[in-house]
1. Across the range 1-14, what is the total count of residues that are crowded, with 20+ Cβ neighbours inside 10 Å and touching a Gly at 6+ places or on another chain (Cβ under 9 Å)?
2. For the range 96-116, name all the residues that are in contact with a Leu (Cβ under 9 Å, 6 or more places away or on another chain) and surrounded by 18 or more Cβ atoms within 10 Å (Cβ to Cβ).
3. On the given criteria, is residue 59 closer than 21 Å to residue 274 by Cα, open to solvent by 30 Å² or more (accessible area, probe 1.4 Å) and free of Cβ contacts under 8 Å to residues at least 40 places away in the same chain?
4. Just to verify a result, which residue in the range 137-150, among those that are open to solvent by 70 Å² or more (accessible area, probe 1.4 Å), part of a helix (DSSP H, G or I) and not polar (S, T, N, Q), is nearest to residue 223 (Cα to Cα)?
5. Say whether the condition of being in a loop (DSSP other than H, G, I, E, B), loosely packed, with under 12 Cβ neighbours inside 10 Å and modelled with pLDDT of 95 or more is met by at least one residue in the range 117-136.
6. Among the residues that make up the range 20-30, is at least one of them closer than 19 Å to residue 278 by Cβ, among the aromatic types (Phe, Trp, Tyr) and surrounded by 14 or more Cβ atoms within 10 Å (Cβ to Cβ)?
7. Looking only at the range 196-205, decide whether some residue is open to solvent by less than 50 Å² (accessible area, probe 1.4 Å), of a type in the set (Val, Ile, Thr) and under 30 Å from residue 122 (Cβ atoms).
8. Among the residues of the range 213-231, how many are open to solvent by 40 Å² or more (accessible area, probe 1.4 Å) and either modelled with pLDDT of 95 or more or under 21 Å from residue 266 (Cβ atoms) (or both)?
Amino acid sequence: GERSLNRFMAPFGGFEGNAQTLRIVTETIYSSGDGPRGMQPTRAFLDGILKYKTLHRELENPENHFLYDGQESVLAFALGAPVESLGLPAGRERDAFRSIECQIMDWADDTAYSLNDIVDGARAGFLTMEAIGRWAEKTNRVGDDATDIEALLNAMREGKVESRFGRKIGRFIEATRLDTADETAAAGRTNRHRFRLVIDPAVQRERRLYSSMAFDLVFRSPPLHHLEHKGDFLLRRIFDLFRERYIEATGPEQMDFLPADVSARIKAADDPRRRARVVCDYLAGMTDAFAVRFYKRLFSPEFGPMG
């Protein structure tokens, strides 16, 4: 869904998960009769969730890892100064400039995804002993990687993948320590940038092993590609309809397919980019089941409007 929305939104400033989180926190998390509003977070709160610090317009057709152009003032507030004053170029070097809270959050994400993807992949039948064995041979996994793979296979034989990987969460968390960060232009502004999270290289290697395994055997598998293609097709048809009816249309003949409050916010927006962002908010907030029902109501003749 994220990649699809980014393609559809490319002419209007793109879509990115971290940027959307920032938008929700600062602009749309609360709803009232006056419309959505943010929660007015502190600098420390924002700095803790800002994984990326490069604006969409600073990159060439980015697929991910950017903020929306309209979030420039939020970025400056979180850092306590305009980003240009840090002396960091756009892209990875600037994105690597993270508060200690953000570094901890990022490692927590890496831990959760790498371990849970293995558990979920085994439960769903994507990760079988045979598939893992072939993958290990094909990718020439030796040494510590081979030892960890054998431990995973043993856990599968004994039906204990979930419990053993659950215990790894604690080990991954404990495999960290704080160190003093390199001097930067902002190091003197706040203690949030005085430290860096150091992760045990052995645990980093293990995390990369599980991430690579899940990517190759789960996320690159035909069934997942089938679902991704179906979801892309579904979202494309809905977005194209909304683009015609809401983003580009301006006359009173416009038909309403959306809830009254969403439609009112779109009509109140003064340019296509702002209207597109409200449409994107609505699409990004859909669950899979809701999106399927919504699609059927719009495009399936045999599906009733109240289905």
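The values are calculated or read from the model by the stated rules, or taken from the named source; none is laboratory data. Remember, predicted model here, so these are calculated numbers, not experimental data. Using ideal geometry, Cβ is built from the backbone for each residue, glycine included, and neighbour counts are taken over all protein chains shown. These accessible areas exclude ligands, DNA and RNA; they are computed on the full protein's heavy atoms, side chains included. Shrake-Rupley method; radii C 1.70, N 1.55, O 1.52, S 1.80 Å.
1. Residues flagged as crowded, with 20+ Cβ neighbours inside 10 Å and touching a Gly at 6+ places or on another chain (Cβ under 9 Å) within the range 1-14 amount to 3.
2. The answer is 97, 98, 99, 100, 102, 103, 107, 114.
3. For residue 59, the condition - closer than 21 Å to residue 274 by Cα, open to solvent by 30 Å² or more (accessible area, probe 1.4 Å) and free of Cβ contacts under 8 Å to residues at least 40 places away in the same chain - is met.
4. Among those that are open to solvent by 70 Å² or more (accessible area, probe 1.4 Å), part of a helix (DSSP H, G or I) and not polar (S, T, N, Q), it is 138.
5. Looking through the range 117-136, none of the residues is in a loop (DSSP other than H, G, I, E, B), loosely packed, with under 12 Cβ neighbours inside 10 Å and modelled with pLDDT of 95 or more.
6. No: zero hits.
7. yes
8. Number of matching residues: 2.
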